[in-house]
Amino acid sequence: MNKKELINSGKVKSVFTTDNDDEVIIEFRDDMTAGDGARKEVMDKKGSYNAIISSKIFKVLEENGIETQFVDLPEPNVMIAKKLEMIPIEVIVRNIATGSLVRKYPIQEGIRLEPPVVEMDYKDDDYHDPMLNFSLIQALGIATQEEVDILIEKALKINEVLTKFFADAGIILVDFKVEFGKDKDGKILLGDEISPDGCRLWDSETLDMLDKELFRKGKDNEVMNAYVEVYNRVIPDDEKFDF
Ligand code: 5GP
């Protein structure tokens, strides 16, 4: 499959058209960013670790009835995916209170949130991804109430499946962000990626962080070891790449 034209260059991924009008090539770059892109470093092989982890997760979700844009991973950092028109909403699901939740609300750090908290942010770095409600979503014209209900239902189902998936690898899924898009028939599929970039993952025993939060906290020399640890735990040996 050949890359044709670059159609979107995000903070960590580049999207190209292909010979097939219904598919795109998503190249996961080695960039790591924080603060809406204000800080950026290059981390060796980070794109490959994220693409492999995300592909595995998308396959697990497909097996559990959640449709995704994943088609194939021909190279460690190159995903072939169904072309989607992305909905500019970041759906965040939280199982344990931390991060912006405890900065913004009087909720105690570390408590389990039952039922999980679901939030939606408007995906726009210039506005620092402000939180949405349905009235704002309507005003922005980005989704209908029915579509918002589908996003929330899918995000909660993803949470159920991935909580177990990570628990089996000795990892607590603290919180995560997902993004969705519409395929050519208007069907809503999971898009983007699910990787240590957009999840908080804690070791079940030590509660050590195994995700991008390390980079956000300036622990740049520890962050790739954490990504490799997640890769080693969730990718079975016969699915590991030589790279
Ligand atoms: P918080 O709102 O506490 O900063 O983040 C909650 C969860 O959503 C974390 O797992 C975080 O990684 C993810 N998240 C929220 N916004 C973004 C974003 O703009 N980019 C990425 N990669 N993850 C995000």
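Label-to-label distance for L156 and A38 is 3.5 nm, based on points extended 7 Å past Cα in the beta-carbon direction.
For the stretch 6-72, the relative contact order comes to 19 percent (Cα pairs under 8 Å, sequence separation of at least 6). With protein chains left intact and a 1.4 Å probe, residues in the stretch 6-83 average 42 Å² of accessible area per residue.
Normalising the average separation of contacting C-alpha pairs (under 8 angstrom, six or more residues apart) by the number of residues puts the relative contact order of the chain at 17 percent. Anything over 25 Å Cα to Cα? Flag those among K59/K187; K104/K212; K3/K157; K157/K187; K157/K184; K59/K104, in the order listed. Flagged as over cut-off: K3/K157; K59/K104. Here's the list of lysines a cross-link from K219 could span, going by alpha-carbon distance under 20 Å and ignoring same-chain residues fewer than 8 apart: K11, K40, K45, K46. A compact globular protein would have a Cα radius of gyration near 2.2 N^0.38 Å; the ratio found for the stretch 6-83 is 1.14. Can you show me the helix-derived [θ] at 222 nm for the chain, built from DSSP H runs with n ≥ 4 at -39,500 (n - 2.57) apiece and divided by the number of residues, rounded to the nearest 500. So the helix-based figure for the chain works out to -9000 deg cm²/dmol. Positive contributions from Lys and Arg (+1) and negative ones from Asp and Glu (-1), summed over other residues with Cβ under 11 Å from the Cβ of L210, come out at -3.
Which FRET efficiency, nearest 0.05, do S204 and M86 yield, Cβ-Cβ r, R0 35 Å?
Calculated value: 0.60.
Across the protein chains, with a 1.4 Å probe defining accessible surface, the residues Y127, Y105, Y122 rank Y127, Y105, Y122 from largest area downward.
Across R112, R103, R200, mean-square fluctuation computed from a Gaussian network of the chain (C-alpha pairs under 10 Å connected) peaks at R103. When the chain is treated as a GNM with alpha-carbon contacts under 10 Å, the residue of I142, I57, I188 showing the greatest mean-square fluctuation is I142. Select from T68, T206, T144 the residue whose mean-square fluctuation is largest in a Gaussian network model of the chain (Cα-Cα springs shorter than 10 Å). Fluctuation is largest for T206. Longest span of the chain, sites excluded, free of GluC sites (Glu not before Pro) in DSSP loop with at most 10 other C-beta atoms within 10 Å? Between exposed loop sites, the widest span is 6-204.
Largest first, the three principal axis extents of the alpha carbons in the chain are 51, 46, 36 Å in whole numbers. Backbone geometry of the stretch 150-158 corresponds, through the Karplus equation with coefficients 6.51, -1.76 and 1.60 at θ = phi - 60°, to 3J(HN,Hα) couplings of 5, 4, 5, 4, 5, 4, 5, 5, 4 Hz, x marking Gly and Pro.
Surface composition of the chain: carbon plus sulfur atoms contribute 46% of the solvent-accessible area (1.4 Å probe, protein chains only, all chains present).
The values are calculated or read from the model by the stated rules, or taken from the named source; none is laboratory data. In this text, all values refer to a predicted model and were calculated from it rather than measured experimentally. All Cβ positions, even for glycine, are placed from backbone atoms using ideal geometry, and neighbour counts span all protein chains on display. What goes into the accessible areas is simple: the full protein's heavy atoms, side chains included, and nothing from ligands, DNA or RNA. Shrake-Rupley method; radii C 1.70, N 1.55, O 1.52, S 1.80 Å.
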